[in-house]
1. Which is at pLDDT below 95, surrounded by fewer than 19 Cβ atoms within 10 Å (Cβ to Cβ), within 11 Å of the ligand (Cβ to nearest atom) and not in a strand (DSSP E or B), of Val35, Val13?
2. Pairs needed: first member in the range 49-78, under 19 Å from Leu5 (Cβ atoms); second member anywhere, near the ligand (Cβ under 8 Å from one of its atoms) and aromatic (Phe, Trp, Tyr); C-beta distance under 6 Å; at least 6 residues apart or different chains.
3. Please specify each residue of the range 179-210 satisfying the condition of being outside any helix (DSSP H, G or I), open to solvent by less than 60 Å² (accessible area, probe 1.4 Å) and not polar (S, T, N, Q).
4. If you check Arg179 against the conditions, is it under 28 Å from Ala98 (Cα atoms) and among the basic types (Lys, Arg)?
5. Across the range 90-133, what is the number of residues that are in contact with a Leu (Cβ under 7 Å, 6 or more places away or on another chain), touching a residue at least 60 places away in the same chain (Cβ under 8 Å) and either closer than 22 Å to Ala20 by Cβ or among the small types (Gly, Ala, Ser) (or both)?
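The values are calculated or read from the model by the stated rules, or taken from the named source; none is laboratory data. Here the structure is a predicted model, which is why all the values come from computation and not from measurement. Ideal geometry is used to build each Cβ from the backbone, glycine not excepted, and the neighbour counts take in all protein chains shown. With ligands, DNA and RNA removed, areas are computed over all heavy atoms of the protein, side chains included. Shrake-Rupley method; radii C 1.70, N 1.55, O 1.52, S 1.80 Å.
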Amino acid sequence: MALRLILVGPPGVGKGTQSALIEQNIGSVPLSSGVIFRREIEADTDLGQLAKSYIDRGELVPNGVTIQMMLKRIRSEEVRQNGFILDGFPRTVRQAEALDLELDKISMPLDAVISLEVDDQIVISRLSGRIGCTKCGEIYHATNKPPMREGFCDKCNGPLIIRQDDKPETIQERLRIFRDSTAPVIDHYAKKGLLVKVDGSQAPETVFAEIREKLGQ
Ligand code: AMP
């Protein structure tokens with residue numbers, strides 16, 4: 001079945017990891033706004049240049065461009081057929097309202113909004129050691145999950161980097177923005193009866209098992 005899901009939670013809670021597990025096991029198409037922005041930055045497009053100035057400071061990219069970028073992908077044939085897992089979008093109530101309107105228009109209602117919940121302290125320690133592959137997106141951690149060869153990806157041998165926005169001051173700013181702008185998105189979907197809460201502090205497989213069980217999959 002083509003499930004249409006949103007994954008919401010603070011930075012570093014494991015949205016990317018769960019999105020990949022849902023794709024592999026359930027088949028919905030992962031759409032991560034952060035990943036799409038980073039690709040635009042790498043390709044040095046106009047959108048990438050605009051987004052970079054916000055992302056490097058840990059701030060949100062303006063709603064208008066973000067909404068356009070994501071809705072375009074949601075309308076694609078692949079997503080219409082297979083469903084989607086939104087990761088990192090919507091991050092503001094305005095984005096959520098624009099998404100709801102579009103999904104209504106194309107008659108593709110959401111199945112669930114999964115809120116991954118975890119304490120700030122865990123988020124800070126996860127993000128502080130996070131290292132990502134620039135080629136395939138695989139995520140490592142300096143102490144919890146180091147790569148076999150320092151600086152290179154175990155899976156594809158691509159170069160590993162620490163994201164500019166995973167620096168300590170920027171992490172604090174991202175957490176503040178999550179509380180101020182994104183937490184209201186969770187309330188927005190709770191009111192619509194779509195919210196599914198999952199404990200994000202557990203091991204990735206355990207989190208995924210809980211998601212599956214709660215979605216009845
Ligand atoms: P992420 O990989 O989801 O942590 O996103 C990295 C950065 O991209 C965020 O800190 C924001 O600067 C930007 N970004 C990602 N998604 C959005 C969004 N839905 N709205 C605004 N900015 C976003």
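1. Details: Val13 fails: surrounded by fewer than 19 Cβ atoms within 10 Å (Cβ to Cβ).
Going through Val35, Val13 in turn, the sole match is Val35.
2. Taking only residues 6 or more apart or on different chains, the pairs are Met70/Phe89.
3. Leu194, Leu195, Val196, Val198, Gly200, Ala203
4. Working: under 28 Å from Ala98 (Cα atoms): yes; among the basic types (Lys, Arg): yes.
Taking the combined requirement at face value, the residue satisfies it.
5. Number of matching residues: 10.
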